1. Would you say Leu26 is outside any helix (DSSP H, G or I) and crowded, with 21+ Cβ neighbours inside 10 Å?
2. Just one of (1) surrounded by fewer than 24 Cβ atoms within 10 Å (Cβ to Cβ); (2) in contact with a helix residue (DSSP H, G or I) (Cβ under 6 Å, 6 or more places away or on another chain) trips up Val114, so point out which.
3. If Glu105 meets every condition in (1) more than 17 Å from the chain's Cα centre (by Cα); (2) open to solvent by 60 Å² or more (accessible area, probe 1.4 Å) apart from one, which number is that one?
4. With the structure loaded, tell me whether Ile194 is open to solvent by 50 Å² or more (accessible area, probe 1.4 Å), assigned to a loop (DSSP other than H, G, I, E, B), without any contact (Cβ under 8 Å) to a residue 60 or more places away in the chain and not acidic (Asp, Glu) or whether it fails that test.
5. Against the condition open to solvent by 40 Å² or more (accessible area, probe 1.4 Å), farther than 13 Å from Val97 by Cβ and in a helix (DSSP H, G or I), how does Arg206 come out, does it pass?
6. Quick check on the range 29-38: of everything there that is closer than 20 Å to Arg160 by Cβ and more than 14 Å from the chain's Cα centre (by Cα), which residue is surrounded by the most Cβ atoms within 10 Å (Cβ to Cβ)?
7. Is it the case that the range 164-179 has a residue that's surrounded by 13 or more Cβ atoms within 10 Å (Cβ to Cβ), within 28 Å of Val70 (Cβ to Cβ) and out of contact with any Asp or Glu (no Cβ under 9 Å at 6 or more places or on another chain)?
Amino acid sequence: MSEYQFVLVHGSWHDGSLWGPVADRLRELGHAVETPTIAGHGQGVDKAVTHEDCVRSIVDAIADPGLTDVVLVGHSFGGTIIAKVAEQIPERLRRLVFWNAFVPEDGHSLNDEVPPVFREMFDALAARTDDDTVMLPYPIWREAFINDADEALARSAYERLSPEPYQPFRAKLDLKAFYSLELPRSYLNCLEDISLPPGEWGWHPRMSSRLGLYRLVQMPGSHEVIFTNPTALADKIVEAGRD
């Protein structure tokens with residue numbers, strides 16, 4: 001089997017370390033893997049970052065070590081990051097993989113792509129903080145994000161999350177260059193992912209169809225198979241990312 005260079009970009013409330021078991025499986029299969037943490041993400045770091053800072057941190061994680069032929073994977077919020085990274089360094093990328101990830105319309109923010117009730121909740125949560133961050137409430141995490149875990153795993157995984165900088169959710173993104181790229185792209189969809197409510201606001205086909213010509217790969221599981229089934233997730237990332 002061919003070996004690929006994967007760069008895995010996490011979503012909101014996560015950091016790069018949470019890819020650990022997924023990265024281990026990919027390396028076991030003979031692939032190279034990097035799991036950078038987006039600027040302003042993780043525990044105990046400065047949360048005063050813009051969406052541009054977030055994007056720059058991942059561009060640097062690819063360009064500084066001279067990585068090329070990268071299969072760039074983005075989860076959830078990470079979709080907004082990999083789309084902008086692709087605009088800046090398309091020559092270093094082999095394929096984009098959006099795993100239940102946002103593919104915003106040109107000119108939209110992440111907040112424009114979620115149900116109004118989510119926006120109102122995020123606004124209220126951020127207003128209560130002194131650093132403009134949002135923490136995902138545990139009941140929403142338990143029921144809608146990690147619905148395929150038992151309670152012990154849901155709680156232990158939640159303890160590893162961290163408050164999310166809110167400016168990047170509000171940033172209006174110019175994606176004209178992204179939508180003009182010819183890069184191959186895939187969408188990986190978990191079938192029990194209800195972190196966005198299925199139907200009008202769901203991930204697939206609403207987000208996936210914006211990619212134009214794309215490969216669809218699906219698997220059972222929630223938005224958080226990174227915790228509940230990392231081995232299967234890694235195998236599906238290969239299926240989505242291979243030539």
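The values are calculated or read from the model by the stated rules, or taken from the named source; none is laboratory data. Because the structure is predicted, anything quoted here is derived from the model rather than measured. In this analysis, Cβ positions are derived from the backbone assuming ideal geometry, glycine residues included, and neighbour counts consider all displayed protein chains. Please note that ligands, DNA and RNA were not included when accessible areas were found on the heavy atoms of the full protein model with its side chains. Shrake-Rupley method; radii C 1.70, N 1.55, O 1.52, S 1.80 Å.
1. No, not satisfied.
2. (2)
3. (1)
4. yes
5. Taking the combined requirement at face value, the residue does not satisfy it.
6. Out of the qualifying residues, it is Val33.
7. Scanning the range 164-179, I find at least one residue that is surrounded by 13 or more Cβ atoms within 10 Å (Cβ to Cβ), within 28 Å of Val70 (Cβ to Cβ) and out of contact with any Asp or Glu (no Cβ under 9 Å at 6 or more places or on another chain), so the answer is yes.
Residue-by-condition table, conditions (1) assigned to a loop (DSSP other than H, G, I, E, B); (2) open to solvent by 10 Å² or more (accessible area, probe 1.4 Å); (3) not hydroxyl-bearing (Ser, Thr, Tyr):
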site: Gly42; (1), (2), (3): yes, no, yes
site: Val45; (1), (2), (3): yes, yes, yes
site: Asp53; (1), (2), (3): no, yes, yes
site: Arg56; (1), (2), (3): no, yes, yes
site: Leu67; (1), (2), (3): yes, yes, yes
site: Gly74; (1), (2), (3): no, no, yes
site: Thr80; (1), (2), (3): no, no, no
site: Lys84; (1), (2), (3): no, yes, yes
